[in-house]
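Chemist: First the structure, then my questions, so here it is.
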Amino acid sequence: MTRLSIVVAVVVLALLVGANVAASRSMPAIDVTRDGLNTLTPQSVGAAKSLQSDAQVIGLFRPGTGNGQAETEALIALYAAQSPHVVYRRENFDTDRSDVKLYAIKQPNTVVIEYRGKTEQLTPPAQDEAGFTAALLKLQSGRVPLVCWAVGDGERGLKDVDQGAGYSSVADILTHDSFATRDLVLAQATSIPGDCDQLAIVDPTSVLPTPSLKAIDDYLAAGGKLLLAAEPWAKDPKSMDSLNAALKPYGLAFSGALVIETDPAHRSSSDPTIVAVSGYGRSPITDEIQGRVSFFPLTTAITGAPGPAVIATPIATTSATSYAIAQPRSVQDLGRKAGDASGPFTVMETLEQAAGAKRTRIVLLGTGGFAENRTLPPSNSDANLDLVLASFQWLAEQDSLVSTPSKQGRALPLALSQQDQSILIFITSVLMPGLMVFGGVVTWWRRRVFS
Amino acid sequence: MRSEAVRVNAAAVPARIAAPTQVLPRRSSIGTIGAIARRELVALLRAPLGWGVAAVFLFFASGFGFIGTVIAGQQASFDGIYQVINGLLTLALVPVLTLRLRTEGATRIPARDYELVAGRWLGAFAFYVLLIAMALIYVLLLAIYVRGQSLDFGLIGATYVGLLAVGAAATAIGVLASGVVNNRVVAYVLGLALIGWVWYSTFVAGSFSGTARIDFLDYVSAFNRYQSFSLGQLTLRDAVYFASLTLGALVLATPLLRSKR
């Protein structure tokens, strides 16, 4: 080795180290993903910028691949780039016993956010943008909206884990997004508790007693918030009447008829009773889901004319070629007949009305199937999830959170048939490596022959 | 650039090497590097070794990366394939590719030391590029089978940029390792160890105390620096890191080669 070459190598290495030191202090980055997976929404930017003092973020990861650390830390870096108050510290879950004990961490790969003496924990499923932003806003506001969930009249229950009609996914969403829930036996209620930030009545099958209706009426008149979902062809028609009685002051009602969608572009490909919607009315609820398809299975229509003081916004409507069947028929006999009502129909609508210093807000849904487990991820796309979450956030007057959409994951779902799988396995596992082996054998043979 | 002819002084050539009698064209540095790279690439393509590496890579990429992730998981994800590229191709197979680049015969090539190092690195890296280009077949297949959806080509493109950066650095480290020792097995183990340490240093960071030391190990870990690409970001810091790693390894390899020549 000559002295000159050593000197050159040392100088170049020193320059490279210097370049790295300089580059590591700046974070210019370009997000090239189609859906802006590495770009915060304005709501998240706002949540970060509104921090008044340091938010200590502690990542307690178990070292190893597949722990989600890289993705989570990349996300935290996006928040840190927006606010110097986002301060990140990484710890080893297995060796940092003090933090694990202090924050009562139960599982590895958990992130803790501490802000002004309050803490929020994010487990791996919640370590996405919606989860972080919700946690930051919750820590800043200190408010946890309480959803009082009506039970006892045949309503869908949050504890029902049935993969089809269960509502446990909604319970998970609410917990994930910093809502508290409490069951409320509506039939026994003479008033809606004052700490209920909103009331959810989903698909009751029996008649609501008059005192309960009076309680709902009083609650709404005082600026209460209500999510109300009905079903077509109610087993007890009087149950639908009682629901409509609650809506009477606002001028709207559920028709009770089953909506049939004939337009292939506005329904499930296999079932005309499952309405598909991709164009929505303008509302904070729908800001981020325009163009995405949500499903309304077995829905009835919302009818009537809202009162003059009511701001009514149709969120989802069917096509002009849809129709509604008032009286129950067999599944094989759903073709259009004389007397069937003609569309389009509204199947989701919001109402808003001033109530003194407060605002009454109501979300109406023509189907309880809108947010049942089979309609939400992982069984379905996340448009229904975003709509239902945005509805709860709008009702909770967390309008700043309403538009925090859950982004499309990096991996698209596939539906490969057995034949597809066989073809793909043959091409990738047999054909491609086989061609390389063949090329190697030919090369070896040629070398042998020509040498 | 102007080419000039250089008459090789036969008396200056070591006796064990047949002295060339013809006039050799003296190329520009870029031309020389390109010629050496072409020679190395062609040699890899004409050797059963290159085809064997390609077959092993595709077998594992298909088995673990595609069937294990895409078909079993019913999701259009390339993460499994990228893991095979980084975990198998870069870590275990790149040192194999650079084995034949060891300094044996270096004295017979009329080129400057840095031209020789750069040319050999470029030849091996070009072969690596061909290998990961073959993985685009998986992208093509999934683009067909996602039906009604479309792949995020921005994300795929960023990840490929990251794979190229990782491959460039790993190949340079392999060239460096092959320049340190002449023994093939030792050179392979050294290359494997160097690339493995650079890739996984973040995972030993937890064994240390001291924030500065942990931060240093985190920073120098290629695994960490690659993550931004795999998430669909093009980051200046990580681009500088991989460029530095590549250039640094090649710069270190140059005086080592000179000592051997």
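Chemist: Between A:LYS118 and A:ALA411, take the C-beta separation as r, use R0 = 41 Å, and let me know the FRET efficiency to the nearest 0.05.
Modeler: Plugging the Cβ-Cβ distance into 1/(1 + (r/R0)^6) gives 0.75.
Chemist: Sorted by accessible area with a 1.4 angstrom probe, largest first, how do A:TRP149, B:TRP199, A:TRP445 fall?
Modeler: A:TRP445, B:TRP199, A:TRP149
Chemist: Here is a follow-up. Just to be sure I understand the model, the point goes 7 Å from the Cα along the line to the Cβ. What's the resulting B:MET134 to A:ALA222 distance in nm?
Modeler: For the pair B:MET134/A:ALA222, the computed spacing is 7.3 nm.
Chemist: In square angstrom, rounded to the nearest 10, how much accessible surface does A:ARG336 have for a 1.4 Å probe?
Modeler: 120 Å²
Chemist: Considering only C-alpha atoms, what is the centroid distance from the range A:240-309 to the range B:132-205, in Å?
Modeler: Measuring centre to centre over Cα atoms gives 51 Å.
Chemist: Separate question: Provide the per-residue ³J(HN,Hα) series for the range A:99-113, in order, calculated from phi with Karplus coefficients 6.51, -1.76, 1.60 and θ = phi - 60°, each as a whole number of Hz, with x at glycine and proline positions.
Modeler: 5, 4, 6, 4, 9, 6, 6, 9, 9, x, 6, 9, 10, 10, 10
Chemist: For the range A:145-398, what does the accessible surface come to per residue with a 1.4 Å probe? Please give it in Å².
Modeler: About 39 Å² of surface per residue is accessible.
Chemist: Further question on the same structure: Compute the accessible area per residue over the range B:63-168, keeping the other protein chains in place, probe 1.4 Å, unit Å².
Modeler: Per-residue accessible area for the range B:63-168 comes out at 34 Å².
Chemist: Right, another one. What do you get for Rg/Rh over the range A:145-398 if you use C-alpha atoms and the Kirkwood form of Rh?
Modeler: Over the Cα atoms of the range A:145-398, Rg/Rh equals 0.94.
Chemist: Then there is this: Quick one: P(r) of the range B:38-85 from all Cα-Cα pairs, 10 Å bins, percents rounded to integers, in order of increasing distance.
Modeler: Bins of 10 Å from zero give 28, 35, 23, 13, 1 percent of pairs.
Chemist: Moving to a separate point now. About the Cα centre, and with charges only on the beta carbon of Lys, Arg (+1) and Asp, Glu (-1), how big is the dipole of the range A:145-398? Nearest 20 debye, please.
Modeler: 500 debye
Chemist: Name the lysines eligible as straight-distance cross-link partners of A:LYS225: C-alpha to C-alpha under 20 Å, and not fewer than 8 places from it in the same chain.
Modeler: Straight-line reach from A:LYS225, under 20 Å: A:LYS138, A:LYS214, A:LYS248, A:LYS358.
Chemist: Further question: At 1.4 Å probe size, with every protein chain present, just tell me what the per residue accessible area of the range A:44-140 comes to in Å².
Modeler: Spelled out: the 1.4 Å probe surface of the range A:44-140, per residue, equals 44 Å².
Chemist: Give me the one-decimal nm value for the distance between modelled label points at A:THR321 and A:ASP162, 7 Å along each residue's Cα-to-Cβ direction.
Modeler: 3.3 nm
Chemist: Taking the alpha-carbon distance from A:LYS238 and a cut-off under 20 Å, which aspartates and glutamates remain once sequence neighbours fewer than 8 residues away in the same chain are dropped?
Modeler: A:ASP153, A:GLU155, A:ASP203, A:ASP217
Chemist: Which value, in debye to the nearest 20, gives the size of the charge dipole of the protein assembly as shown about its Cα centre, when Lys and Arg are +1 and Asp and Glu are -1 at the Cβ?
Modeler: 4400 debye
Chemist: When only Cα pairs under 8 Å and 6 or more residues apart are kept, what is the percent relative contact order across the range A:314-395?
Modeler: Normalised by residue count, the contact order of the range A:314-395 is 24 percent.
Chemist: Suppose we keep just the DSSP beta bridges with both residues in the range A:44-140; what percent of those would be antiparallel, to 5?
Modeler: 60 percent
Chemist: Quick one: which bits of the range B:65-101 get at least 20 Å² less accessible when the partner protein chains are in, versus the chain alone, with a 1.4 Å probe?
Modeler: At a threshold of 20 Å² (probe 1.4 Å), the residues of the range B:65-101 that become less exposed are B:PHE66, B:ILE67, B:ILE71, B:GLN74, B:GLN75, B:ALA76.
Chemist: Take A:SER53, project a point 7 Å from its Cα along the Cβ direction, then tell me which residues of the range A:139-155 have their backbone nitrogen under 16 Å from it.
Modeler: A:139-142
Chemist: List the residues of the range A:44-86 whose accessible area drops by at least 40 Å² when all protein chains are present, compared with their chain alone, using a 1.4 Å probe and counting only protein heavy atoms.
Modeler: A:THR65, A:ALA70
Chemist: Sticking with this one: Would you compute, from DSSP H runs of 4+ residues alone, the mean residue ellipticity of chain A at 222 nm, taking -39500 (n - 2.57) per run and dividing by the full residue count, rounded to the nearest 500?
Modeler: Calculated at 222 nm, the ellipticity per residue is -9500 deg cm²/dmol.
Chemist: Okay, moving on. Which number comes out as Rg/Rh for the range A:44-140 once both Rg and the Kirkwood Rh are worked out on C-alpha atoms?
Modeler: 0.94
Chemist: Using protein heavy atoms only (no ligands, DNA or RNA), what is the total accessible area buried between A and B, 1.4 Å probe, nearest 100 Å²?
Modeler: So the buried area, both faces added, is about 5000 Å².
Chemist: Shielding by partners for B:193-204, please: the mean number of other protein chain Cβ atoms within 10 Å of each residue's Cβ.
Modeler: 1
Chemist: Next up: Protein chains only, probe 1.4 Å: how do B:TRP121, A:TRP394 rank by accessible area, largest first?
Modeler: Of B:TRP121, A:TRP394, the descending order of accessible area is B:TRP121, A:TRP394.
Chemist: I'd like the carbon and sulfur percentage of the solvent accessible area for the range A:145-398, probe radius 1.4 Å, heavy atoms only, ligands and nucleic acids excluded.
Modeler: The C+S portion of the solvent-accessible surface of the range A:145-398 is 55 percent.
Chemist: Over the Cα atoms of the protein assembly as shown, what is the Rg over Rh ratio if Rh follows Kirkwood?
Modeler: Rg/Rh: 1.10.
Chemist: On to the next question. Can you compute the modelled spin-label distance between B:VAL185 and A:SER330, with each label point 7 Å from Cα toward Cβ, in nm?
Modeler: 8.1 nm
Chemist: From the phi of every residue in the range B:116-122, what ³J(HN,Hα) in whole Hz does the Karplus formula 6.51 cos²θ - 1.76 cosθ + 1.60 yield, where θ is phi - 60° and glycine or proline is x?
Modeler: 5, 5, 5, x, 5, 4, 5
Chemist: Rounded to whole Hz and in sequence order, give me ³J(HN,Hα) for the range A:16-31 from the Karplus expression 6.51 cos²θ - 1.76 cosθ + 1.60, θ = phi - 60°, writing x for Gly and Pro.
Modeler: Running phi through 6.51 cos²θ - 1.76 cosθ + 1.60 with θ = phi - 60° gives 5, 4, x, 4, 5, 4, 5, 5, 6, 8, 10, 10, x, 9, 10, 8 Hz.
Chemist: Got a sec? Which residues of the range A:22-40 lose 20 Å² or more of accessible surface with every protein chain in place, vs. that chain alone, 1.4 Å probe?
Modeler: A:ALA23, A:SER24, A:MET27, A:PRO28, A:ALA29, A:ILE30, A:VAL32, A:THR33, A:ARG34, A:ASN38
The values are calculated or read from the model by the stated rules, or taken from the named source; none is laboratory data. Keep in mind the model is a prediction, meaning the values are calculated, not measured. We place every Cβ from the backbone using ideal geometry, glycine too, and count neighbours over all the protein chains shown. Keep in mind that these areas ignore ligands, DNA and RNA; they rest on the heavy atoms of the full protein, side chains included. Shrake-Rupley method; radii C 1.70, N 1.55, O 1.52, S 1.80 Å.
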